[in-house]
Amino acid sequence: MAILVIEDDPKTGDYLRKGLRESGYAVDLARNGADGLHMALEQDYDLVVLDVMLPGLDGWQVALAAQCAHDLPVLFLTARDHVDDRIRGLQLGADDYLVKPFSFTELVLRIRTLLRRGVTREAEVYEIADLQLDHVRHKVTRQGVNIALTNKEFMLLHLLIKRQGEALSRSVIASQIWDMNFDSDTNVVDVAIKRLRAKIDAPFDKKLIHTVRSVGYMFSEEP
Amino acid sequence: MSPPTPAVGGWTLTTRVTALFALMTSLVVTGLGFYLDRSAGQALSQRADQALIGRVEHFRNLMHDLYNVEQMEQRPALFESMMGNEQDVRIFRRQGEAPFIQSNPDHLVPPAMTPLPVGSPVSSASLRTSQRADGVRVRWVSALADVGKGGDTVEIVAAYVMVQEARMMRSYRWRIAGAAAAAVVLTALLGFLLLRRGLQPLEAMSQRAAQITPDHLSARLDQEGMPAELRRVALSFNAMLDRLEAGYAHLAQFSGDLAHEIRTPINVLMGQSQVALGQRRSPEEYEQVLESNVEELQRLSRIVENILFLAQADHAALAVERNALDLAEELGRITDYFEGIADERGMRFDVQAAGQCQANLIMWRRVVSNLVINAVRYGRAESTIRILAESDGEGSRIMVENRSEDVTAQAMARMFDRFYRGDRSRSAFTESNGLGLAIVKAIMALHGGTAAVECPAPGWIRFSLRFPSAAAVPS
């Protein structure tokens, strides 16, 4: 998967390239709009991460020009969070939108979602290690023992398993499970995970729900 | 120290009013002077006429008592000296002949006159006027008189030269002009002094106002002893100062708090990064520092985001898109969300809700969440949080009540202030930055609604939100 990052701030550009490469993507970095547009048109990318406030040719113009040529998903980065800007970005066909300062983890999650869009199909039954989750029957067992979960706990576990191996940030979890789309400055997610762990992990030796420091939580067989 | 009063260009009120005063007085006094001059001139003229008429009648009577004209011709000096003034004119002649007595030192030419017939008395109407070369008025009369019983008739031509009157009028005019000038100067001067004295409170006011600076905002204008008009000015000015002082204090408090809230995490970031770089450390230690840095940065980022939100809300730049939302459903969602953390503190929710609310969904959730979080954080453990919501024609009301320690009225009044925290020691509590309720207030203002806090019963605290109905919302 190849990603083009167009970002004029040197430090931001460098860490985005480094971080995304470490997340397993092939990354090219353009430091201005004109170069970026040229690269987007010349080479084959799967996604463009685009800063809106670029000197010379700005992000909107780049996106417009690039999308005329290719059907390319665009993720905008911006320090401006006015509603008008947001609407403009989405009208221009921005597939997603992140306001600076954003969390890098969040960015990787959004990229992953954008790239995966339309590819995955929901499984009915998941089996990870000794845990089994039946999505249709709303049933969870571990080592054959039935585990009773509340509705929210089940949704939380389902989300973690569906995106196993991915570190999910607290805001993503809050948004997916409770539809809370703002940062509420609370440890609601931590408390919910703690309860889930008490039922899923505590009675067993092998731990499946892992804390990813300063990011969030991840469901994984590997410790 | 008070700054010097700035020099004010243009005319002062005092000079302006004084000048107007002087102008007005000079107009009135000049008018009066003209009137006096005219009436004095008329009076003198009447007196002169009377004198002339009297003399001519006297001549007539005298001549009637004579026997014939010759007696007159023989004693011209007698008749010549019978007028009061050397300038006056006396001419006696037989009709159509040269005068036999003539006293006319200035050689005045009489105007064309028809002599008054014998027997008809001389009156003012029969007088004529001419002017001497130097502009002095001369009154003329011509009358016929019988001499003795011989049937002789003599024409008397007499003139009164108003020399004395002219002289009197001249000096009188000078006196009027002098008096008028003095009156103008005097009124202007008195006006100036009175105005200066009358406007003294204004001067005092301006000096007082010059002393008011940002460091010295508590000074107020004196209202005692002020004229009513100025007292009103002072009152409104003082009221404005009250508002400014409160705003200024608020701003100072806000920037102080802001500096504290932002500097603390930056200080931690800088300090611990520098310490970490001071020597080689194990990967675990580096990880720990980075992790802590991320936490601090998240805190900073939240503060910045909240402040930006408040700044935007202050300028009402946010277009609020409203939808009708179901109160029971939405409150259910929120209590669902916070159920876990409430349970940790042994608290539970009691929700009674019905109806709809016109609001922006995301903002509504943020507002209500902030109140519920507060209730969970600061409410008494093992208690129930009551949430009530209802709507009527005027809008909808949401109330969040919880048991708490008693809160002073003063603390309640400040609760919605930015960075206000009931307990200063809570600044260690990274979850809260004291902006939650300020945001509640800002969001309610954006919706044209209100937020309030009260103490419904001892040991209870209640936050209530009032959203206006769709009809009341200005589009």
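Points worth noting:
- Filter result for B:Val275 (within 13 Å of chain A (Cβ to nearest Cβ), over 25 Å from A:Ala192 (Cβ atoms) and of a type outside the set (Lys, Arg)): no
- Qualifying residue in the stretch B:224-238 (condition: under 18 Å from the mean Cα position of the chain (by Cα), open to solvent by 40 Å² or more (accessible area, probe 1.4 Å) and among the hydroxyl-bearing types (Ser, Thr, Tyr)): yes
- Taking the criterion of being farther than 23 Å from B:Ala342 by Cβ, open to solvent by less than 30 Å² (accessible area, probe 1.4 Å) and either within 14 Å of chain B (Cβ to nearest Cβ) or at pLDDT below 85 (or both), the residues of the stretch A:152-167 that qualify are A:Arg163, A:Glu166, A:Ala167.
- Counting only strands (runs of 3 or more DSSP E) that sit wholly inside the stretch A:1-97, those with at least 1 residues that are modelled with pLDDT of 85 or more, within 30 Å of B:Val320 (Cβ to Cβ) and of a type in the set (D, E, K, R) are A:47-51.
- Qualifying residue in the stretch B:90-113 (condition: open to solvent by 30 Å² or more (accessible area, probe 1.4 Å), farther than 28 Å from B:Gln74 by Cβ and assigned to a loop (DSSP other than H, G, I, E, B)): yes
- Some residue of the stretch B:13-34 being among the small types (Gly, Ala, Ser), within 60 Å of the chain's Cα centre (by Cα), modelled with pLDDT under 85 and surrounded by fewer than 17 Cβ atoms within 10 Å (Cβ to Cβ): no
- Considering residues of the stretch A:194-222 that are over 22 Å from A:Val145 (Cα atoms) and either in contact with a helix residue (DSSP H, G or I) (Cβ under 6 Å, 6 or more places away or on another chain) or at pLDDT below 85 (or both) only, the residue surrounded by the fewest Cβ atoms within 10 Å (Cβ to Cβ): A:Arg213
- Yes/no for B:Ala204 being surrounded by 11 or more Cβ atoms within 10 Å (Cβ to Cβ) and more than 30 Å from B:Leu23 (Cα to Cα): no
- Contact annotation: residue pairs with Cβ atoms under 7 Å, 6 or more positions apart or on different chains, pairing a residue in the stretch A:196-223 that is free of Cβ contacts under 8 Å to residues at least 12 places away in the same chain with a partner that is open to solvent by 60 Å² or more (accessible area, probe 1.4 Å) and not in a helix (DSSP H, G or I), are A:Asp201/A:Lys207.
- Tally, over the stretch B:196-215, of residues that are within 26 Å of B:Leu251 (Cβ to Cβ), modelled with pLDDT of 80 or more and assigned to a helix (DSSP H, G or I): 3
- The stretch B:256-289, subset within 59 Å of the chain's Cα centre (by Cα) and open to solvent by 60 Å² or more (accessible area, probe 1.4 Å), residue farthest from B:Arg414 (Cα to Cα): B:Met270
- Close pairs (8 angstrom Cβ cut-off, 6 or more residues apart or separate chains): over 23 Å from B:Ala328 (Cα atoms) in the stretch B:374-388, crowded, with 22+ Cβ neighbours inside 10 Å anywhere: B:Tyr378/B:Asn402; B:Arg380/B:Asn402
- With respect to (1) modelled with pLDDT of 80 or more; (2) hydroxyl-bearing (Ser, Thr, Tyr); (3) more than 28 Å from B:Arg299 (Cα to Cα), the lone exception for B:Ser404 is condition (3).
- Identity of the residue in the stretch A:168-193, within 13 Å of chain B (Cβ to nearest Cβ) and in contact (Cβ under 8 Å) with a residue 40 or more places away in the chain, that ends up most open to solvent (accessible area, probe 1.4 Å): A:Arg170
- Some residue of the stretch B:290-298 being surrounded by 11 or more Cβ atoms within 10 Å (Cβ to Cβ), over 27 Å from B:Gly436 (Cβ atoms) and within 14 Å of chain A (Cβ to nearest Cβ): yes
The values are calculated or read from the model by the stated rules, or taken from the named source; none is laboratory data. Since the model is a prediction, treat every value here as computed from it, not as a measurement. Don't worry about glycine lacking a Cβ; one is built from the backbone with ideal geometry, like all the others, and counts go over all protein chains shown. Accessible surface is based on the protein model in full, side chains and every heavy atom, while ligands, DNA and RNA are left aside. Shrake-Rupley method; radii C 1.70, N 1.55, O 1.52, S 1.80 Å.
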